[in-house]
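Note sheet for the following structure.
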Amino acid sequence: MQDNKDPGLRVTGVYSAADAGMMFSQDRVKFSCGGLMSEDRLYSVQLSGTQVKVTIASAPKPLVFSYKDGKIEGPGAMDVAGRVQTGSPVATNGIGYKSVPQRKLIDSSDVSNYPQDKVHFEGGQFYVDQQITTMQQTQTAHYEIPSEPKTVRYNIGVVSATAKTAKIADIATTVLGSEGSKSQNTAPGLRMNGTCAAQGGLKIEFRADSATIECGEARNSEGYAVVPESGRLVVKFQNGAALFILTLQPNGTLAGSGSVEVNGRIVTGHNGNEILYAQRNERCSLGTLAPNK
């Protein structure tokens, strides 16, 4: 199964009710219902006005839900194909390979792209720790659950959010200088995926819990939320103390007016023990930001 990397709307969080569960990531959902085993499935989110539909891949036909007021609502009884467990997990031994940290030489201009605690400066060069797979073999144990295909008739009603997503923006907030506690939105809800850019130089890269806002040389990682407002869906960015809003258009673009100041930082050098940063503020016009595919 190939992940859904298309830009656009996404859902985040864990949703559950009775014998149904959905755990969303940016590119897939882990889905189960009616006694079927949990499995990864592709999903997509479509917008019509402020009506949001979530479509999950399934047989004999896709499962279509409505997203409303922070909940996922099913259409009622539907046939869902999947697999059911038929026995206890079976262990098999195999051969694996160790991953060990090694250092990679990087250019000074790339320092800000890596976590600060992974970057080192020695002998006039910048290095970064990285995990690589070696050819050193190790014994591994793999557990496989016996299963068989089954189609169940299940009535999926209202499925409420029951848990947050995992934090994935710690690296970005550390490198770019934001306060992590303020720049991550891990609450269940609607999100965006992909990168959008405007002709005025503003670029936004979306993740499940935050977005990197880039204007000129200034970059910063900030929290955002996708919420209905006045009959439309808008994307609200914290951006320090200066909130700014973009409107999601039916064609997938984001539209705004005026300009935004991005307060970020850049690498300026080192003092032998640590990397030095300088504050960098840039202002870009908003306008229309189109998704990069």
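All of the numbers you see were taken from the coordinates with simple rules; none came from a lab. Here the structure is a predicted model, which is why all the values come from computation and not from measurement. FYI the Cβ positions are ideal-geometry reconstructions off the backbone, even for glycines, and counts take in every protein chain you see.
Estimated from the Cβ-Cβ distance and a Förster radius of 22 angstrom, the FRET efficiency linking D3 and N292 is about 0.85. Here the range 2-22 is scanned for amide nitrogen atoms under 19 Å from the site 7 Å beyond the Cα of M37 along Cα-to-Cβ, giving 2, 20-22. In this structure, the amide hydrogen of S259, modeled 1.01 Å from its nitrogen in the peptide plane, lies closer than 5 angstrom to those of L286, counting only residues at least 5 positions away or on a different chain. From helices alone, the chain scores -1000 deg cm²/dmol at 222 nm; the rule is -39500 (n - 2.57) for each run of n ≥ 4 DSSP H residues, then divide by the residue total.
Please give every one of the aspartates and glutamates within straight-line cross-link reach of K118, meaning a C-alpha to C-alpha distance under 12 Å, and leave out same-chain neighbours fewer than 8 residues apart. Cross-link targets: D129, E274.
What pairs from K5/K104; K68/K164; K30/K61; K5/K71; K30/K164; K5/K30 go past 20 Å between their alpha carbons?
K5/K104; K5/K71
Residues whose amide H comes within less than 5 Å of that of Q85, counting only those at least five positions distant or on another chain, are M37 (H built at 1.01 Å from N in the peptide plane). Checking Cβ-Cβ separations below 4.7 Å across the chain identifies C33, C196 as cysteines lacking any candidate disulfide partner.
Order these by the 10 Å Cβ neighbour count, fewest first: V158, V11. Could the numbers behind the result be given before it?
On the way: V158 15, V11 25.
By the 10 Å Cβ count, ascending, the order reads V158, V11.
Counting only residues 5 or more places away or on other chains, whose amide H sits under 5 Å from the amide H of T162 once H atoms are built in the peptide plane? Long-range HN contacts for T162: V14, Y15, S16. At a Cα cut-off below 13 Å, give the aspartates and glutamates reachable from K150, other chains included and same-chain residues fewer than 8 away excluded. Once the sequence-local aspartates and glutamates are set aside, what remains near K150 is D79.
Using the 10 angstrom Cβ neighbour count as an exposure proxy, how do E217, E282 rank, fewest first? It would help to have the intermediate numbers written out before the result.
Working: E217 14, E282 17.
Going from least to most buried by this count: E217, E282.
What order, most packed first, do the peptides 26-36, 81-91 have when packing is the mean number of other Cβ atoms within 10 Å of each residue? Provide the component values of the computation, followed by the final result.
Numbers: 26-36: 19.0, 81-91: 12.1.
Top to bottom by mean Cβ count within 10 Å: 26-36, 81-91.
Test of understanding: what is the full-extension gain from A141 to Q279, defined as 0.36 nm times their sequence separation minus their Cα-Cα distance? Before the final figure, lay out each step's value.
Working: separation 138, 0.36 × 138 = 49.68 nm, distance 4.97 nm.
So the extension gain works out to 44.7 nm.
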